Ligand SMILES: Nc1ncnc2c1ncn2[C@@H]1O[C@H](COP(=O)(O)OP(=O)(O)O)[C@@H](O)[C@H]1O
Ligand SMILES: [Mg+2]
């Protein structure tokens, strides 16, 4: 298999089937996609189309049924659980809709938790830059419960980038936020790409959120059915509406 160093993440013929009570559900039906370094991709599609499964398999949180996941030049299936855990911690950031901060820890402790766990030497200059960029300097000693939703999500993003990961996966990061707060969080993700060369892959239902991205891919029934460079809000909305009108089938 050739190595694509310009891609932060690559998935090839990715499938994931869940079996519950003898019933098989195909969440991913053969997805091929590459995510270039320093780009921001939005992943859209109807509920149940496989968006979260794509993120979780690409992030090594879940093993695919078949196919390959590459983080840079590392193929995840070849890693032991221990090495996979280490790769997830050191090279992947994950931001969830529900923030998933640790309530007993301060903002600062939450942000440096991945560093603590990895035993890596903290890059103080980078951490200071991250704290400055997320605008939480005055809140470092506070606990998550003392913060607004938008502030909590900014802490989660700071935690995700603290290790300078190869890629930050975000599953509906603005799903629990109001429009104004969502805009702040999206601008922060955008700046991580533009100013710090990070790679972001973000699931969202919202065409306005997706318009912050460089590229929008749309899933339906576990396959990519649209792949659009820099579509505006109107085109995104139109393409999602066209999916609802005519179920798209892709050969193969
Ligand atoms: N842990 C699981 N067990 C069984 N089925 C699952 C599980 N996770 C997801 N699925 C199924 O896989 C499909 C894709 O789910 P998901 O990736 O969560 O979609 P999306 O994020 O686009 O809403 C759905 O049919 C869902 O019900
Ligand atoms: Mg989902």
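None of the figures in this text is laboratory data; all of them are computed from the coordinates on show. It should be emphasised that the depicted structure is a prediction, and the values quoted were computed from it without experimental measurement. Cβ sites come from the backbone with ideal geometry, for glycine too, and all protein chains shown count toward neighbours.
Structural remarks
- In the chain, the DSSP-assigned H stretches of four residues or longer account for a calculated mean residue ellipticity at 222 nm of -11000 deg cm²/dmol, using -39500 (n - 2.57) per stretch and the full residue count as denominator.
- Counting only DSSP beta bridges whose two residues both lie in the chain, roughly 60 percent are antiparallel.
- Shape call, the stretch 85-238: gyration tensor on alpha carbons, a/c limit 1.5: prolate
- For the stretch 122-173 and the stretch 74-105, distance of Cα centres in Å: 16 Å
- When restricted to Cα atoms, the stretch 31-85 yields an Rg and a Dmax of 12.1, 34 Å, respectively.
- Of the residues 221, 194, 90, the one that moves most in a GNM of the chain with alpha-carbon contacts below 10 Å is 194.
- Degrees separating the helix 149-161 axis from the principal Cα axis of the chain, which is the longest one: 90 degrees
- Judged by the mean number of other Cβ atoms found within 10 Å, the most tightly packed of the peptides 128-139, 37-48 leads the ranking 37-48, 128-139.
- Seen against the Cα atoms of the chain and their longest principal axis, helix 179-196 is set at about 90 degrees.
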